[in-house]
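Encoded as C-alpha cells, the structure appears first; notes follow it.
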C-alpha cells in the first residue's frame, strides 16, 4: 500500500531526512541522551554537520552545475579567518597604514564579515575564471587560486598568526547568554544554523534558477541555444556556492576556538570532493551523508592505524570506479530494483547518470566512428 | 603537516632593498631558478603529454615524482648512484603503465573529471604508503664523492651537480623528448592523437596500447625528475602535494598539450620564484600563482595553448 501522493512526497522530502539525520548524529557519535550522557563524542557530530554544509555548498557547483572546483577550501578558510580576526582583534600595518580592531563578540557581525569576504573573493575569481575555463582546466585553476589564499594565511604572520594560526577564539554569546560554551549546546546551535542554510540551498536548487543550472550541467550548448546566458548563471552559481563554505568556516572557528592555515589546504578542498562523491554528487542529501560517513570512517579507521588516509583513499577510489553515484545511488538502486535484485546481481555495471559535456574525448572502444554513410 | 619543508630550499636571506643586490647574488638566484625550472619542466612535460593526448589529468603525477626520489634513495645504497637514478625512473615508468591499464582505463568512457578524482584518491594512498615504508622524516641522498662540489665559471663558484650537471642533463633529455615527438613514428602518433585521438584510431593505430605507453613515458619523466632531484631536496611525503599544484600551474601557464609551453612555463616560474626569494621572501611560494593569474587574464589558454582543448 502506497501512501497518497502528497504524504509520500512529504515523507521523501530531503529536508525532512536532513533534520532526522541531524537529530540522529549525536547518537551515532557515541553520546547517549537516554542515560544522561550527552557529551560523548558530540564534537565529531559537530564536525559532521559543519562539513555537511561545506560539502553541500561545494556540491552546488560540482553536482548541480557540473564544474569540479578543487579549491573550495579557500572560501571555508576566508570565512573562518574573518570570524577569528573579528573575534580576536588584530593590529597590522599595511603599506604604512595601521589597521586595528579590538575584540568582537557579536557573532552576526562575524557572519556578515565572513560572507562579505568570501563573496568578494568569489565574485572576483568568478569574473576571471568562469568566462575563461571549464572542465578540468577549471579544476586546476581553482586549485591554484586556493593556494594563493592558503599561502597568504600561511605567510602573513602579523595578521593571521602564520603556521600556528589564531588561537583562543572565544565562543560567542547567544543574545547575551553564555550558553554556547557547552559542546552539546554548540552542536544544536551548529545543527540549527546548518539546517537553516540548507533550507536556503534547497530553495535555490528547487527554484527555476536551479533548473537552469541542471540544464547547463546536462548540456551547456543547448542551454545557450535556449537563450540562457550560461556564463552569467555559472558566475552566480560559483558565488552562491562560496556562501555556504563561508558559513561553515564561521561555525568552524567558533567550534574549534582556533584556526590555522590547514583549513585552506588542498587536503580540505579534496576532502569535500570526496564527501560529495561518497554520498552521491547529484543529490541534495549526498554531501550530508558523505560528510557523516567520511568522519565516521576516519574516526573508526584512525583508531586502528595512523595511515587511515590510505583506507579512505581506497574507499574513494572504489566509489569512483564502481559507484560514481555514491551512497545515494545505492539507495536509489535498492528502491527501484529491490534488495533481492541487487543481491542476485551485486556487480551489475552501474551506468552513471552523468553529463557528457566533453564531446572531444569519445570512448575509444565503443560505437564505430565511421557511420554507414561515411565519415561523420 | 608542515607544507613548506619540502619546497626547494631558497636561501633565506634578510629582506634587502633592490639596490643592494649584488651581481653575484643575482647570478646565483638566476642559476638556482634555472635548475628549479629544469626540474619543473621535466615533471610538467610528462603531465602535459599525458594530458594532451589522453585528456587525463593526473593528480598522482606528483606522487610519481616523490616515488622517483624515494626509490633513488632506496637503491642508492645498493647499486650505486647512477644505476639507482636509472632504475628508479624505469620502475616509476612501469608503475605508471600498470596504473594506467588497471585504474585509469575504465574511466575513459566518462567525463575527464573522474580521472582527476581517481588520481586524487590514489595520491592519498601513495602518500600513506611512502610514510609507512620510509617514515615521516625527511631522508637525504648524497652525491658520490668523485663529483666535485663546485665549479668556477667566470670567477663565480657554482655547485657542480645542482647548477651545472643537472641543467645540462635536462637539456639533453628534453632534446631527446623533442626528437621522439618530432622525428619518430611514435611521436607522430602522439601529436596526431593530441589533435584527434578518434581519427588516429580509425587509421589503424592501437590507441589503448599507445595510451599505456605514453602514460608510462610521462610517469618515467616524473620519476626521473624525482630521482635527479633526490640529492638536492629533502625527500619527504609532502613532496608530492607541493609539486603537483605547481605542475598544474606550469601546465596552465604554458598551455595544455604544448611541448614549448611546458618549457617556457617551467623556466619562467622557476626563475621568477628564485628571484622573488631575493626581492620579497614572504611571497616566494605565491610567485607561480600570481604569474598564472596574469597569464590567465591576458591569454586564457596559456602561452602556447590552443582554444577548445578539453573544455
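The values are calculated or read from the model by the stated rules, or taken from the named source; none is laboratory data. All values derive from a computational prediction rather than experimental measurement. Don't worry about glycine lacking a Cβ; one is built from the backbone with ideal geometry, like all the others, and counts go over all protein chains shown.
Among the residues making up the range A:90-143, those that are crowded, with 16+ Cβ neighbours inside 10 Å, modelled with pLDDT of 85 or more and away from chain B (no Cβ under 14 Å) are A:107, A:110, A:111, A:113, A:114, A:115, A:117, A:118, A:119, A:122. Do we find a residue being assigned to a helix (DSSP H, G or I) and at pLDDT 90 or above anywhere in the range A:324-333? No: the range A:324-333 contains no residue that is assigned to a helix (DSSP H, G or I) and at pLDDT 90 or above.
Residue under question is residue A:197, and the condition is that it be under 26 Å from the mean Cα position of the chain (by Cα), at pLDDT 85 or above and surrounded by fewer than 16 Cβ atoms within 10 Å (Cβ to Cβ); does it hold? No: the conditions fail for residue A:197. The lone criterion from (1) buried (at least 24 other Cβ atoms within 10 Å of the Cβ); (2) within 15 Å of residue B:288 (Cβ to Cβ); (3) touching a residue at least 60 places away in the same chain (Cβ under 8 Å) left unmet by residue B:241 is number (1).
Looking at this structure, is residue A:289 within 29 Å of residue B:62 (Cα to Cα), in contact with a helix residue (DSSP H, G or I) (Cβ under 6 Å, 6 or more places away or on another chain) and assigned to a helix (DSSP H, G or I)? So residue A:289 does not fit the description; no. Filtered by the rule that a residue be more than 14 Å from the chain's Cα centre (by Cα) and in contact (Cβ under 8 Å) with a residue 60 or more places away in the chain, the range B:244-267 gives B:256, B:257, B:258. Applying the set (1) within 14 Å of chain A (Cβ to nearest Cβ); (2) under 20 Å from residue A:142 (Cα atoms) to residue B:277 leaves exactly one unmet item: (2).
Of all the listed residues (A:242, A:246), the sole one being over 21 Å from residue A:43 (Cα atoms) and surrounded by 20 or more Cβ atoms within 10 Å (Cβ to Cβ) is A:242. For the range A:317-343, a residue qualifies if it is over 19 Å from residue A:63 (Cβ atoms), surrounded by 13 or more Cβ atoms within 10 Å (Cβ to Cβ) and away from chain B (no Cβ under 14 Å), and the qualifying residues are A:334, A:337, A:341, A:342.
Scanning the range A:292-309 for residues that are within 14 Å of chain B (Cβ to nearest Cβ), modelled with pLDDT under 90 and assigned to a helix (DSSP H, G or I) returns A:297, A:298, A:301, A:302, A:304, A:308, A:309.
Among the residues of the range B:187-199, the ones that are more than 12 Å from residue B:53 (Cα to Cα) and surrounded by 14 or more Cβ atoms within 10 Å (Cβ to Cβ) come to 0 in all. Exactly one residue among B:7, B:67 is under 14 Å from the mean Cα position of the chain (by Cα) and either modelled with pLDDT under 90 or surrounded by fewer than 24 Cβ atoms within 10 Å (Cβ to Cβ) (or both), and that residue is B:7. Of all the numbered requirements in (1) in a helix (DSSP H, G or I); (2) facing chain A (nearest Cβ under 10 Å); (3) surrounded by 20 or more Cβ atoms within 10 Å (Cβ to Cβ), residue B:129 misses one, and that requirement is (3). All but one of (1) buried (at least 24 other Cβ atoms within 10 Å of the Cβ); (2) more than 14 Å from chain A (Cβ to nearest Cβ) hold for residue B:256; which doesn't? Tallying (1) buried (at least 24 other Cβ atoms within 10 Å of the Cβ); (2) more than 14 Å from chain A (Cβ to nearest Cβ), residue B:256 fails exactly one: (2). Scanning the range A:249-269 for residues that are crowded, with 21+ Cβ neighbours inside 10 Å, within 17 Å of the chain's Cα centre (by Cα) and assigned to a helix (DSSP H, G or I) yields A:249, A:250, A:251, A:252, A:253, A:263, A:264, A:266, A:268, A:269.
This table checks each residue for (1) away from every other protein chain (no Cβ under 14 Å); (2) within 23 Å of residue B:40 (Cβ to Cβ); (3) touching a helix residue (DSSP H, G or I) at 6+ places or on another chain (Cβ under 6 Å).
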{"residue": "B:70", "(1), (2), (3)": "yes, yes, yes"}
{"residue": "B:74", "(1), (2), (3)": "yes, no, no"}
{"residue": "B:77", "(1), (2), (3)": "yes, no, no"}
{"residue": "B:86", "(1), (2), (3)": "yes, yes, no"}
{"residue": "B:98", "(1), (2), (3)": "yes, no, no"}
{"residue": "B:108", "(1), (2), (3)": "no, no, no"}
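Among the residues of the range A:165-195, not one is farther than 16 Å from residue A:252 by Cα and either in a helix (DSSP H, G or I) or within 14 Å of another protein chain (Cβ to nearest Cβ) (or both). Helices (runs of 4 or more DSSP H) fully within the range B:153-243 that include at least 3 residues being within 14 Å of chain A (Cβ to nearest Cβ): B:185-195, B:197-202, B:207-229. Whenever a residue of the range A:1-17 is modelled with pLDDT under 75, its partners that are surrounded by fewer than 11 Cβ atoms within 10 Å (Cβ to Cβ), lying with C-beta atoms within less than 8 angstrom and at least six residues away or across chains, give the pairs A:3/A:11. Selection of the range A:93-111 for residues being under 28 Å from residue A:244 (Cα atoms), touching a residue at least 60 places away in the same chain (Cβ under 8 Å) and not in a loop (DSSP other than H, G, I, E, B) yields A:107, A:110, A:111.
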